[in-house]
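Please treat every number below as a calculation from the coordinates, not as lab data. Just so you know, these numbers come straight off a predicted model, no measurement behind them. Cβ coordinates were reconstructed from backbone atoms using ideal geometry, including for glycine residues, and neighbour counts include every protein chain displayed.
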Amino acid sequence: MSRVSLRVNGTDHDVECDVRTTLLDALREHLDLVGAKKGCDHGQCGACTILVDGRRINSCLALAVAYQGREITTVEGLSDGDTLHPVQQAFVDNDAFQCGYCTSGQICSAVAVIEEAKQGWPSAVTDDPPEADIELDHDEVRERMSGNLCRCGAYANIIPAVLEASE
Ligand code: FES
Ligand code: FES
């Protein structure tokens with residue numbers, strides 16, 4: 001067992017857990033933050049996506065003990081009180097989910113995707129990467145969100161939601 005100090009959604013927490021506990025299990029089982037979902041537990045579906053220092057990671061592949069002192073943001077930390085984050089609002093407005101199981105991962109991923117494009121990080125479908133501020137289009141969003149699977153197949157509405165939020 002080990003004491004792990006995690007900073008999640010702006011609040012510091014001390015968690016007493018087995019050193020092999022994943023970040024996903026620490027959030028869900030110890031901090032009752034169940035927004036991030038366990039889909040595959042193998043880094044293949046994206047349901048567990050959260051943000052660490054603004055970058056997206058699969059929390060099922062991360063050991064909690066390795067993320068002490070980092071700024072962790074889960075889907076619960078995106079809104080400002082009752083005001084949804086623009087990406088959350090866009091998912092609602094575009095009806096971008098069915099069962100919702102993948103949705104928190106999709107939303108966290110989309111928040112990071114928009115930031116990555118703004119910083120000029122090219123994707124596999126970026127033709128001529130500019131210095132910064134890559135404009136997201138349908139193909140860019142499809143490629144950049146390809147690590148987030150939706151078993152309901154809500155992609156037809158997820159892509160417009162991400163594009164709307166990016167604007
Ligand atoms: S649960 Fe982490 S990628 Fe599927
Ligand atoms: S909305 Fe059901 S898995 Fe995506």
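What number, rounded to the nearest 500 deg cm²/dmol, is the helix-based mean residue ellipticity at 222 nm of the chain, given -39500 (n - 2.57) per DSSP H run of at least four residues and division by all its residues?
So the helix-based figure for the chain works out to -7500 deg cm²/dmol.
Once phi is turned into θ = phi - 60°, what whole-Hz ³J(HN,Hα) does the Karplus curve with 6.51, -1.76 and 1.60 give for every residue of region 13-26, x standing for Gly and Pro?
Ordered by residue, 3J(HN,Hα) equals 9, 10, 10, 9, 8, 4, 4, 8, 5, 6, 4, 4, 5, 4 Hz.
To the nearest 10 degrees, how steep is helix 103-118 against the longest Cα principal axis of the chain, on a 0 to 90 scale?
Its long axis makes an angle of about 60 degrees.
Using alpha-carbon pairs under 8 Å, 6+ residues apart, how would you state the relative contact order of region 86-166 in percent?
Contact order relative to length: 45 percent.
Sorting E164, E16 on the 10 Å Cβ count, fewest up front, what's the list?
If I rank by nearby Cβ atoms, fewest first, I get E16, E164.
Can you report the principal axis dimensions of region 2-77 using only the alpha carbons, biggest first, rounded to whole angstrom?
On the principal axes, region 2-77 reaches 29, 24, 19 Å in Cα extent.
Can you put L31, L63, L136 in order of Cβ neighbours within 10 angstrom, beginning with the fewest?
Final ranking by Cβ density, sparse to dense: L63, L31, L136.
Relative contact order, percent, of region 16-90 when contacts are C-alpha pairs under 8 Å separated by at least 6 residues?
31
Count charges around C152 for me, please; just the other residues with Cβ under 14 Å from its Cβ, Lys/Arg as +1, Asp/Glu as -1.
+1
Springs between alpha-carbon pairs under 10 angstrom, Gaussian network model over the chain: which of C102, C40, C150 fluctuates most?
Of C102, C40, C150, the Gaussian network model singles out C40 as fluctuating most.
By how many degrees, 0 to 90 and rounded to 10, does the Cα axis of helix 155-166 deviate from the longest principal axis of the chain?
Compared with the principal axis, the helix lies near 90 degrees.
Find the relative contact order for the chain and round it to a whole percent, using C-alpha pairs within less than 8 Å whose residues are 6+ positions apart.
The value is 22 percent.
Equivalent ellipsoid semi-axes for region 86-166, as square roots of 5 times the alpha carbon gyration tensor eigenvalues: give them largest first, rounded to whole Å.
So the equivalent ellipsoid measures 22, 12, 10 Å along its semi-axes.
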